[in-house]
1. Tell me, what is the per residue accessible area of the chain in Å², probe radius 1.4 Å?
2. Suppose R0 equals 25 Å. What FRET efficiency, 1/(1 + (r/R0)^6) with r the Cβ-Cβ distance, do Arg249 and Glu276 give to the nearest 0.05?
3. Which percentage, to the nearest 5, of the DSSP beta bridges contained in the chain is antiparallel?
4. Within the set Lys119/Lys216; Lys2/Lys206; Lys2/Lys119; Lys216/Lys265, which residue pairs have Cα atoms separated by over 22 Å?
5. Tell me the carbon and sulfur percent of the accessible area for region 291-333, rounded to whole percent, probe radius 1.4 Å.
6. Please compute the length gained on full extension between Thr159 and Val195, using 0.36 nm multiplied by the number of residues separating them and subtracting their Cα-Cα distance.
7. As a test, work out the antiparallel percent of DSSP beta bridges whose residues both lie in region 114-226, rounded to the nearest 5.
8. Restricting to DSSP loop positions (anything but H, G, I, E, B) with no more than 16 other Cβ atoms inside 10 Å of their own Cβ, which trypsin sites (Lys or Arg not before Pro) remain in region 82-128?
Amino acid sequence: MKLSVIGCGYLGAVHAASMTSLGHDVVGIDVDESKIASLRAGRAPFFEPGLSAILESGLASGRLAFSTDIAEAADADVHFIAVGTPQRRGAYAADLTYVDAAVAALVPMLRPGVLVVGKSTVPIGTAAGLADQIRETGAELAWNPEFLREGFAVQDTVTPDRLVYGVPEGESGVAARATLDRVYRDAVAAGTPVVVTDYATAELVKVAANAFLATKISFINAMAEISEVVGADVTHLADAIGHDARIGRRFLNAGVGFGGGCLPKDIRAFVARAEELGRGESVAFLTQVDAINRRRRDRVVELALAAVGGEPHRARVAVLGLAFKPDSDDVRDSPALDVAVRLHGLGVDVVATDPEAVPNARRLHPQLSFTAAPEDALQGADAVVLVTEWPEYRALDPVIVGGLVRNRTIIDGRNVLDPAAWRAAGWTYRGMGRP
Ligand code: UDX
């Protein structure tokens, strides 16, 4: 099939390259010239395992192209909208400028038989409005939310755990479903569950899934707060309740909390939309979820200050990790970067490191000291703060690290180190919700 993908950020670039790997002809469109130049050269504009390989093979096959000119998308049978929906400046609601611009640019080239597929995360009710805008062209609209996780984006796109199609009622809905089944032929043939529903449900599925995941993380972080008061161990608690199959152990890792380009902004936009719909009370708990999450960052800062004897101006602190999670260079709403910035703001001599995210972090906060080499960050540190659980940080040897630092105190903001091993090597170990 001939596909276009409008918007080549995390979602769109991965989607475009993945669709080529499934055998389709794809053109990716973005207004950002440097992003398009990089994609054309086979370079992923961000760190995502596996993406460069499918970009290179897609470009070599001649079935993958990128352009800043939307006219290049004119002959596609299916147009995917994969533009960003960031948090609106000074508000909780989502900014739909890019979605509206993409649809406005597509409308003149739509014709009967063409399908527009929304993938961006949007406030409930957006798809119905867009369907009205394209109706006259004879093209159809489907809403097909994306659940990809950064770090696993290619795998999640090529072999998703479920497919959700929001389609209109009647004949056009049947046709839209058939088209999407052809797009995702391999996944459908492999028995991937397909949920066919209306627009509003498809939009709600996405925000509900992210709200649930955020709630699960904040739930365990709330238990960490209680554990800190009573001397309990939240990691044992998570293991114990996680054995109940109804609860499940995944996404029950207490620590410095969630960040990234999705969970934080999506729960805030959900609250804003529910309030507009007169149902603010239904999701008011998400405001608490957000507050618990932010308090975890305060806690790490508090532990770090205590570790340097409450004297930030004399202290050097190594911050291990800047990305919002491992296998990513994404620092959007990153708890790790936030902790580094706040410690620096309090007068601490912060040296931050990350295997991938230093350039992005430096662009946003040039006032911090960065290094790509963890040894340089650790050298002479009065305290060490681990805030992104990269495998190389989990594997640090407490004896070797002990030889680099000035003072053996570590704050494990992700609860990934073995407290016994670190204590045995002479360290003061502080976890999150652990005695
Ligand atoms: C998320 C959703 O998982 C994905 O389905 C959706 O499409 C986009 O948003 P992503 O932002 O890539 O994906 O990250 P995810 O793996 O969900 O992690 C989000 C944050 O939660 C990270 O900062 C991570 O460190 C944190 N987290 C995750 C925890 O603090 N504890 C956990 O147990 C799990």
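1. On the way: 18370 Å² over 435 residues.
Solvent-accessible surface per residue comes out at 42 Å².
2. Working: r = 36 Å, r/R0 = 1.45.
Computed FRET efficiency for Arg249 and Glu276: 0.10.
3. Details: 2 of 45 bridges.
Roughly 5 percent of the beta bridges in the chain run antiparallel, per DSSP.
4. Working: Lys119/Lys216 24 Å; Lys2/Lys206 26 Å; Lys2/Lys119 17 Å; Lys216/Lys265 16 Å.
Pairs exceeding 22 Å: Lys119/Lys216; Lys2/Lys206.
5. Exposed carbon and sulfur together represent 48 percent of the surface.
6. Values: separation 36, 0.36 × 36 = 12.96 nm, distance 1.54 nm.
Value of the extension gain: 11.4 nm.
7. Numbers: 1 of 9 bridges.
Approximately 10 percent, going by the DSSP bridge assignments.
8. Working: sites: Arg88, Arg89, Lys119; in loops: Arg88, Arg89, Lys119.
Qualifying residues, ordered by number: Arg88, Arg89.
The values are calculated or read from the model by the stated rules, or taken from the named source; none is laboratory data. Predicted, not measured: the structure shown is a model, and the values here were computed from it. Cβ atoms come from the backbone with ideal geometry, glycine included; neighbour counts cover every protein chain shown. SASA here: full protein model, heavy atoms, side chains in, ligands and nucleic acids out. Shrake-Rupley method; radii C 1.70, N 1.55, O 1.52, S 1.80 Å.
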